[in-house]
Amino acid sequence: MDQGVTITGGILNSGTINGVNPGVNAAGIDLVDVTVNGAIRNAGTINSDSDGIYADASSNIVGGIVNEDGAQINAALSDGIDIDNNSVVASVTNAGTITVNDNGIEIGGGGSVSGNVVNSGTIQASNDGVVLSSGTITGELRNSGSIIGDQDGIYVDDSSEIQGGIINEAGAEIVSSDADGIDLNNSSTLASITNAGTITAGDNGIEIGFGSSVGSITNTGTITGDDASIDVTESSVVQNGIDNSGTLTGQLDVAGTDGSSDGIDLANSGSIDIGTVASLLSGDFSQTGSGVLAMTVLAFGDYTAAPFAIAGDADIDGELLLGFDAGFVFSPLSRLTLLEIGGSRTGLFSNYADGGLVASFGSRSHMFIDYTDEGDIELYTTPLPGTAALIGLGLLGWRLGSSRRAGRPERRASSAA
């Protein structure tokens, strides 16, 4: 649509728009420096080689963009909805289906949404489900449907901002096949991340990276990352810490600060399983009586650092669940610092008293837990009875066996008649 045009009403599609032109990028609805006083509303199907709906060059869509329940936006080469180059849209709502070979919804180049971005339908993208690149959402990004990206589910990059935060509701899903579920990067900011649904990622469930900042992370749902459930780089900030009453599965790699001189705190009243990968937390760790901390222990000799390093204080309650890797081995009298605590420790795990038996490996080798005076929590192993007695018994058995072998007549091979 030509530059400088003002549409006093809105744009409604209840049929089919084919923006398909071989050899030319063709958007389904293309606005360049256009003002729409009403809404752009799709109740039918938009097929395009380029963007499904494109707002460019300071366009202004006063009534927002709506893809209704049952409607479809299909983009063969680009984005489903693209808000670019200082364009402003009041809100974006998807209750239908957006299927694209790039990004499902992109807000970039100084573009902004002055209200909320809400998805209750399905976004399926070959790149990112929703991406901000030098873009702004002054409201919230809320998902009660499915946001699925081969790369990031939601990517907030290049000094972008979501003032109302990201909310993934109960029953909703954010999925990344090859990257992060939610990725905040390169000096971007969020008010908060709240997950009551499911976040599943081929890399990190949530990543806060490279000078970015989020007010808080709250999980009452499930976050699973093949690498980490939550990853925060050293240069990044989580101001009010992490609160988990749901399930976190994957390494915790939480460096960074709370924006002052302190680290990032984590409170757990749910379940955390860090698997076999060494984890770290830059602040305090607290676990209530309903909390569970699980990990799978490798061979003692495989560790160059504690499986879980906590830079601050630890307030321990609830359960510790230990599994053992298929290649797990240890030597008699071995010790492993399981939780390295930089500050002070209070409390014990409810299922292990100090010196309690953790595991038995046959009838002679056992593993125990030690809540050390320094604050660390260690595992130690010892054969029963004592090592010296076992060594003595072993030597005695070897000597008796040697004597018996020495006293036996040599067996002669039988010869054929």
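Kirkwood Rh, Cα Rg: Rg to Rh for the range 125-222?
0.92
Which whole number in µm²/s is D for the chain by Stokes-Einstein, with the Kirkwood Rh taken over Cα pairs at 25 °C and 0.890 mPa s?
Once the numbers are plugged in, D ends up at 101 µm²/s.
If you project the alpha carbons of the range 265-402 onto their three principal axes, what span does each projection cover, largest first, in Å?
Result for the range 265-402: principal-axis Cα extents of 61, 25, 23 Å.
How big is the Cα convex hull of the range 233-308 in projection, averaged over all directions, in nm²?
5.2
Roughly what angle does helix 387-407 make with the longest principal axis of the chain, taking Cα atoms, 0 to 90 degrees, to the nearest 10?
In the chain, helix 387-407 runs at an angle near 60 degrees to the longest axis.
Relative contact order for the chain: what is it in percent, counting Cα pairs under 8 Å that are at least 6 residues apart?
Once normalised by length, the contact order is 6 percent.
Could you state the number of Å between the C-alpha centres of the range 101-127 and the range 7-56?
Using only Cα atoms, the two centres lie 15 Å from each other.
Can you tell which of Thr136, Thr276, Thr224 shows the greatest fluctuation in a Gaussian network model of the chain with Cα springs below 10 Å?
Thr276
Which residues' amide hydrogens lie under 5 Å from the amide hydrogen of Ile61, considering only partners 5 or more residues apart or on another chain, with H built in the peptide plane?
Those qualifying (amide H under 5 Å, at least 5 residues apart or on another chain) are Val36, Val88, Val89, Ala90.
Could you tell me which residue out of Leu357, Ile199, Gly63 lies farthest along the dipole of the chain toward its positive end? Charges go on the beta carbon: Lys and Arg +1, Asp and Glu -1, centred on the Cα centre.
It is Leu357, whose Cα lies furthest towards the positive end.
Loop only by DSSP, 14 or fewer other Cβ within 10 Å of the Cβ. Give me the chymotrypsin sites (Phe, Trp or Tyr not before Pro) in the range 247-345 that pass, ordered by residue number.
Here the chymotrypsin sites (Phe, Trp or Tyr not before Pro) that fit, given the DSSP loop and packing criteria, are Tyr303.
Ile46's amide H: which non-local residues (gap 5+, or another chain) put their own amide H closer than 5 Å, with H modeled 1.01 Å from N in plane and none for Pro or chain starts?
Correct list: Ile17, Gln72, Ile73, Asn74.
Take the alpha carbon atoms of the range 239-255, find their center, do the same for the range 330-349, and report the distance between the two centers in whole angstrom.
Here the two parts' Cα centres lie 21 Å apart.
Quick note: the coordinates plus some simple rules give every number you see, no bench work behind them. Source: prediction; values computed, not measured. When we count neighbours, we look across all protein chains shown, and the Cβ atoms used for this are built from the backbone with ideal geometry, even at glycine.
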